[in-house]
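Remarks on the structure that follows.
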């Protein structure tokens, strides 16, 4: 049995030595969740010109500092038009938010500080009364300089960046209508066990609904994969072998159940018979100890990565969240491939037992007196308890120890 850190290292070494997935070019509209294969470089300055960030009057800031209050109005400038007049001492141009600054103007007085209203027609003259210390009305007041956000030729996102919804607007601004990304990895999902029935069925006395299959499909799709549902594998060598063979045609094969040491735990032997070479089997983690990772080399040059996950659903979840996700990110060429975590403190006392580190369902503490960044361990009945996951926002990592954890003690928190 190996440690979690050793499991991470073995995955990084084995998967990191493989060629990355093939790339493809897709429309920006379909890019969320995909991993960039080429850096995105801006082809424009942002903003593309000096611009006003307020509705008001563009002036030479020295006039305000010199106490000038009455100005002759040269023109009105709106977004999408270019100024035609140069601002000199004693003159101003009415300007709208986002419009280009005229030559000679380096600051804007807000319309609220003038003797006209928002909807008034532009006057020939305006009185501007700055309501603060005049020495603070400096160059750039209520204005942005060209390329203040970013400049033409600047890297916007590096290769390996996973595109988030919030990134799409920025990509559109720099003209990335098409992006080059890693193709989606294909993941075959095979929950096993004679006790399983489809979630649309009413289970009999000795049966339970298949929850792992839908959960694993959903998690992998959320990570950017294309999933293939192999159905339910029965506890027979013939049925499992036929379905495993189909799954080994994909980039990943995820099995749940049948990987421990019971009489019906047939998966490791069948995988070995199909040429899958074990990298590790059993990790010192709670829950999820029996997890299996192996590799099938294929004539195509791209192997199939095989993960055998424990049958209890929370154990399967932790195996995917920690290990499968890491392998998938590496394969897609993503940076920062291990699951994200951050330091936190416990909001309440807690007890874990045993010689394995524990990943416990938790969430951000909401109590009024909770410490900043505190996390709350949820009531949890063990690795078959999916109900607690419905309230969980992440996993709290606690190293193995017998002593009780006190409120305020430091832990690591892995948000989902």
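The values are calculated or read from the model by the stated rules, or taken from the named source; none is laboratory data. Because the structure is a prediction, the values reported are computed rather than measured. All Cβ positions, glycine included, derive from the backbone under ideal geometry; neighbour counts span all protein chains shown.
Annotation note: Cβ proximity below 8 Å between a residue of segment 35-63 that is without any contact (Cβ under 8 Å) to a residue 40 or more places away in the chain and a residue that is surrounded by 14 or more Cβ atoms within 10 Å (Cβ to Cβ) (sequence gap 6+ or interchain) occurs for 63/71.
The test for being modelled with pLDDT of 95 or more and loosely packed, with under 15 Cβ neighbours inside 10 Å holds for residue 24. Of the candidates 10, 18, the single residue that is modelled with pLDDT under 95, out of contact with any helix residue (DSSP H, G or I) (no Cβ under 6 Å at 6 or more places or on another chain) and surrounded by 14 or more Cβ atoms within 10 Å (Cβ to Cβ) is 18.
Summed over segment 249-265, residues that are free of Cβ contacts under 8 Å to residues at least 60 places away in the same chain and under 23 Å from residue 298 (Cβ atoms) total 1. Just a yes or no: is a residue in segment 247-257 farther than 22 Å from residue 331 by Cα and in a loop (DSSP other than H, G, I, E, B)? Within segment 247-257, one or more residues are farther than 22 Å from residue 331 by Cα and in a loop (DSSP other than H, G, I, E, B). Out of 30, 58, one residue alone is crowded, with 18+ Cβ neighbours inside 10 Å and not assigned by TED's automatic domain parsing to the domain that holds residue 301. It is 58.
Which count do you get for residues in segment 4-28 that are part of a helix (DSSP H, G or I) and touching a residue at least 12 places away in the same chain (Cβ under 8 Å)? Adding up the residues that qualify gives 11. Note on segment 242-260: residues that are at pLDDT 95 or above and over 28 Å from the mean Cα position of the chain (by Cα) amount to 7. Only strands (runs of 3 or more DSSP E) whose full extent lies in segment 58-175 are considered here, and the ones with at least 2 residues that are touching a strand residue (DSSP E or B) at 6+ places or on another chain (Cβ under 8 Å) and more than 30 Å from residue 328 (Cα to Cα) are 70-77, 91-95, 107-110, 125-127. Counting the residues of segment 212-246 that are crowded, with 19+ Cβ neighbours inside 10 Å, in a helix (DSSP H, G or I) and touching a helix residue (DSSP H, G or I) at 6+ places or on another chain (Cβ under 9 Å) gives 7. Could we say that residue 169 is within 31 Å of the chain's Cα centre (by Cα) and without any contact (Cβ under 8 Å) to a residue 12 or more places away in the chain here? In short, yes. Among the strands (runs of 3 or more DSSP E) confined to segment 266-321, there are none with at least 2 residues that are under 21 Å from residue 241 (Cα atoms) and more than 31 Å from the chain's Cα centre (by Cα). Only strands (runs of 3 or more DSSP E) whose full extent lies in segment 326-416 are considered here, and the ones with at least 2 residues that are in contact (Cβ under 8 Å) with a residue 40 or more places away in the chain and more than 30 Å from residue 184 (Cβ to Cβ) are 342-346, 358-364, 394-398, 410-415.
Does residue 4 count as farther than 24 Å from residue 161 by Cα, under 34 Å from the mean Cα position of the chain (by Cα) and surrounded by 14 or more Cβ atoms within 10 Å (Cβ to Cβ)?
yes
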